[in-house]
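The values are calculated or read from the model by the stated rules, or taken from the named source; none is laboratory data. For clarity, every value in this text was computed on a predicted model and none was experimentally measured. Positions of Cβ are generated from backbone atoms using ideal geometry, with glycine treated the same way; all protein chains shown enter the neighbour counts.
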Amino acid sequence: MLKLAKSVEYAILALKYISESPSGHYPSAREISERENIPYTLLAKILQNLVRKKILESVQGNRGGYNLIVDKEDLNLFRLANSLEQKIQVTECMVENATTDDCGRVETCCIRPPILNLQKRLENVFIETTLNDLIN
């Protein structure tokens, strides 16, 4: 069954919290962790990845924390998942250039073409779903 990785789920919760913070308030990883009940160490890594991917900025200083630097309508679920190195795939063989290491039937599978079609449709749903859709 397809499900979002915990890192993507936690990222959505953190981004919602950050986006709803009052102007001029930059929540810290510790604050977000405590308020959203997310393991601090994992959240800190997620937030660092989102800074590297230019989704968040890290604000330094006494009242420092994190600030969302992309518009909620411009950040889609596909980009967010990829930013956290999470792939959206229906089955193990849906990776690019699949080999028999991914699936022993990859060369003869009769359901791979329709599953590939489903994979593309699912990716489109992730592309069309924005952060704004998820948090409002």
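The residues of the stretch 96-134 that are closer than 30 Å to I55 by Cβ, of a type in the set (A, V, I, L, M) and more than 18 Å from the chain's Cα centre (by Cα), listed by number, are A98, L116, L118. Tell me which residues, restricted to the stretch 103-136, are over 30 Å from E73 (Cβ atoms) and outside any helix (DSSP H, G or I). Scanning the stretch 103-136 gives C103, G104, R105, V106, E107, T108, C109, C110, I111. When restricted to residues that are surrounded by 14 or more Cβ atoms within 10 Å (Cβ to Cβ), among the aliphatic types (A, V, I, L, M) and more than 16 Å from the chain's Cα centre (by Cα), the stretch 1-51 contains 2. Right, S83: surrounded by 19 or more Cβ atoms within 10 Å (Cβ to Cβ), closer than 30 Å to N117 by Cα and among the hydroxyl-bearing types (S, T, Y) or not? The answer is yes for S83.
Here is a yes/no grid of residues against (1) farther than 23 Å from E20 by Cβ; (2) of a type in the set (S, T, N, Q):
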site: K54; (1), (2): no, no
site: V59; (1), (2): no, no
site: V70; (1), (2): no, no
site: L80; (1), (2): no, no
site: V95; (1), (2): yes, no
site: C110; (1), (2): yes, no
site: Q119; (1), (2): yes, yes
site: L131; (1), (2): no, no
site: N136; (1), (2): no, yes
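Just one residue in the set S83, S58, S28, S7 is touching a residue at least 12 places away in the same chain (Cβ under 8 Å), of a type in the set (S, T, Y), more than 13 Å from L131 (Cα to Cα) and touching a strand residue (DSSP E or B) at 6+ places or on another chain (Cβ under 8 Å); that residue is S28.
Looking at the stretch 102-109, can you tell me whether even one residue there is of a type in the set (G, A, S) and surrounded by 15 or more Cβ atoms within 10 Å (Cβ to Cβ)?
No: the stretch 102-109 contains no residue that is of a type in the set (G, A, S) and surrounded by 15 or more Cβ atoms within 10 Å (Cβ to Cβ).
When restricted to residues that are surrounded by fewer than 16 Cβ atoms within 10 Å (Cβ to Cβ) and among the hydrophobic types (A, V, I, L, M, F, W, C), the stretch 52-69 contains 2.
Restricting attention to helices (runs of 4 or more DSSP H) lying wholly within the stretch 1-102, give those where 2 or more residues are among the charged types (D, E, K, R) and modelled with pLDDT of 95 or more. Give the steps one after another, and end with the answer.
Details: elements: 6-19, 29-36, 40-52, 77-83.
Qualifying helices (runs of 4 or more DSSP H): 6-19, 29-36, 40-52.
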